[in-house]
1. Could you point to the residue in Leu420, Ser462, Ile306 farthest towards the positive end of the chain's charge dipole, with +1 and -1 charges on the Cβ of Lys/Arg and Asp/Glu respectively?
2. Using a 1.4 angstrom probe on heavy atoms only, work out the carbon and sulfur share of the accessible area of the stretch 421-468 in %.
3. P(r) tail for the stretch 27-163, what percent of Cα pairs lie past 21 Å?
4. At 10 °C and 1.306 mPa s, what whole-number value in µm²/s does Stokes-Einstein give for the translational diffusion of the stretch 147-235, with Rh from the Kirkwood sum over Cα pairs?
5. Just the projected area, averaged over all directions, of the convex hull on the alpha carbon atoms of the stretch 486-554: how many nm²?
6. If you place +1 on the Cβ of every Lys and Arg and -1 on the Cβ of every Asp and Glu, how big does the dipole about the Cα centre of the chain come out, in debye to the nearest 20?
7. Distance in nm between label sites at Lys437 and Asp529, each 7 Å beyond Cα in the beta-carbon direction?
8. Find how much the distance from Glu459 to Ser76 grows on full extension, using 0.36 nm per residue of separation minus their present alpha carbon separation; answer in nm with one decimal.
Amino acid sequence: MSNVKDDAWIVAGDLRPSQLITNHGPGAIITMRNDSVMIYGCHLWPKKEDSKRYKTLHHELLEKKLKVSRFRMPLSRDKAKNLPCFSFPRWGVCKNPNCEKLQYHEPIPKTSQGFHCWSCEINGVKLKDCELTHGKFAVICPQGHIDEFPWMEWVHSKKPEMKCEKNPNPELRFGTKQESSALKDYYVQCLSCYAERRCAGATESRPFQEMNLTCKGKRPWIGPDTEQCTDEKGKPTIVRGIQVRATSLWYSINMSALNMPKWLHPVNRKLEDEDDEEGPRLRGAIELGLQINESFEEIYGKWKAIFKDVIEKLRNQNPNWSDEDIDNDIVRKLKEIFSDTKPDEEIPSQLEILNEEYDDFVRIEDTKGENYENEFELETSDIDKTRAPFSYLDSLKQVHRITSILALRGFTRERPPDPLDPDETTLCDIVRPEYLKKHQWLPAVQNRGEGIFISLNKEKLSDWEKDEKLQKRCNAVIESYAFHSAPGNDEKSKNKQNDIKDRFSPKFILLHTLSHLIIKSLAKVAGYDEPSLRERIYWDGDRNGILIYATGSSDGSLGGLVRLAQSQHFEKILSNAIQKSKICSRDPVCEDIDPLEHIAESKTHQLNGASCHSCCFVAETTCAFFNQFLDRWVINNENAGFFKDVSDE
C-alpha cells in the first residue's frame, strides 16, 4: 500500500476486508510493522482491473438507503494491492537511545524497511539501529479534521510567537524521564534553546485553548484541500490532542443487512450474479431503458428471453400461477428494485431493516425446497415448553445458512455514533461527495455463516415489563445514554434525546444482556471465539428476538453453531447463560452497580447497570452497541429478573 504509482508501490502491510469496514477504513490511522499509515478515500482507490481487485455486492434496501447502485468488497487474493495509503503522522522518533531526535520525515520511505533517522545515517549508524517510530500524538476537532501534532509550538509555548529564539528550524528530542508510564513521563526538548515541556495534557483541549491553536480544516485522506472549521458560535474551532492509537480516533458508521427471503427473489438473484455475465449486462440494459423513458413492461418484453431461468424458478415455486401472473410478478419486482430513490423518511432505516428481518425469521418455519436455500436456510427446533428454560421462549431456530452485508458509510472521531441513527452533521466522508454521486458505490464486506435465532415468550415479557422498579432502573440507563449521545439543552439536542428515549426500552436491555451471556456460553463449546460471533437484536414494537451468528470464510462455516441450536444442546447453553448472570469475579462491586444511585451521586453518565468485562462485555466486533445497555440485574434479580425462577433452581 502506498500513494505512488502502481508499479512502484511499497507495501506497508495487510488488512482483511472486515478490518477495513469496522476498524481501519479511510481516515483511520493504522499501525503497521514499519510505520503508521492512513488509508486514502475511496475516490483514490485503484480503478484498473476492477474485477480482480473488488467483488461487487448488491442489496436492494441498503442500496436505496445509502443512495448507491452497488457495493465493493476489496479482495485479498494474490496479494492484491487495493488500498492506497500515506504515512501519518509524518513526525517520527529515532529509536537510537543516543539520538531520540523527533523529526519530520519524507512522505515515502526509500525502502520497504520504513523510515530512518537522517542524522544517524550521516554518522554511519546501522539502519536497523536508527529506525523511526511514528509520533505519539495528532490533533483533531469534533468535525473529524486531523492534523500533525504541533510539536514546535508545544515545546515553545512560553516563548514569543511560540518559536525558538535561537534557530528558526531547531532540532527536537523526544524522550522519557523513566519515572512512570503516564503521559507526563514523556517530554519534548528543543536542542537549540533547550526549552522543554512534558506531554501531560497533550490529549486535552485546555493547553490548545491557552495556545489558541485552531483547526485548519485538513482531511488528508480526502485530499490536500482544506475547509473552514468553526464551532456552533461561528468561531474557529480549537483542536485537541489525541494518541494515534486511541480507539476514539476513528469510529466506523456502518449499515448492515442480511440476505433474507424478502430480498432473495429470483429477479434479485439474477441481477446480482456477477459470475454470470448476463446479470450485470441485464442491469445495465434496464438502466439504459429507463433513461430513454421505456416502461418496465417494455423493458421486460424486450429482454424476456434472458429471464428464462427466473420464469422457471417462479413456476416451480408457484405451480398454480399462470404465465400472466409470473410476468406481472417479475415486472413488479423490477419496479421495486429500479424505482427512483424515495425521500429519506420513506426509505427503511437500520431499525426498519431489522424489523423486516425479524418478520421473516418469525414467519418462516422451514426453507427446505425453497429456491433461495443456497443463500438462506432455516429450520425450526422443537422445544419442550414444560421445561423451565424453554418456558421463557417462543421459538428456537437453526439458521444453517445466512449471508450478511456490512457497508461503511462514514466515521466519527472523539464520540461513538448512534449505531441506529448517526448524526449526519458529525459524519466524516470516506469519499468525495461528487465522486460518490457520479460512481455510486461504497465499500462493504460480505460474510456467509450460520446462526441461532430465539424469541422470548411474549406473555411473560409483557408481564415482566410492568414492574415499576425495573422501568425506573432501565430508564435511568436509557436517559443517561440519550444525554451522552446528544449533550446540550438546545432544541436539536432535546429532539435527539427524545428520539433515543422513545426508541429503547427495558426489553432491549434484557435482550441485549441475554445475547451477551449466550455468546459467552457459546464461545466455550461452539468452536468459535467471541470475536467471531455477531449479534442482531430485534426489539421494536411488539418484536423480540436475538440472532447470534458466526461469519466464517466467504463460503460459510462448519455447522458448530447450528448444532448447538438443537433443543437438547441449547437448553444447556441457555441455562448456563442464566446461571452465569448471577456470578462475576468482580462481585460485589459489579452486582452493586445501580444506575439510579450512581447518576444521583456522581452526576455522570451511566450507560450500563451491573455489567463489566468479567461478566457481560464482549469484543467490540461482536457487539453492535459498543457494550452499552447491559445489566445482569434484569436477568437474575429475585423480584424483577425475567429469569428469576430459573435462576433460583
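The values are calculated or read from the model by the stated rules, or taken from the named source; none is laboratory data. This structure is a prediction, so every number in the text was calculated from the model and none was measured. When we count neighbours, we look across all protein chains shown, and the Cβ atoms used for this are built from the backbone with ideal geometry, even at glycine. Surface accessibility is based on the protein's heavy atoms, side chains included, excluding ligands, DNA and RNA. Shrake-Rupley method; radii C 1.70, N 1.55, O 1.52, S 1.80 Å.
1. Final value for the positive-end residue is Leu420.
2. That share works out to 44 percent.
3. Here the tail beyond 21 Å accounts for 59 percent of pairs.
4. In µm²/s, the coefficient rounds to 107.
5. 6.7 nm²
6. Around 2620 debye, computed over the chain.
7. The answer from the label model is 4.6 nm.
8. Net length gain for the segment: 133.0 nm.
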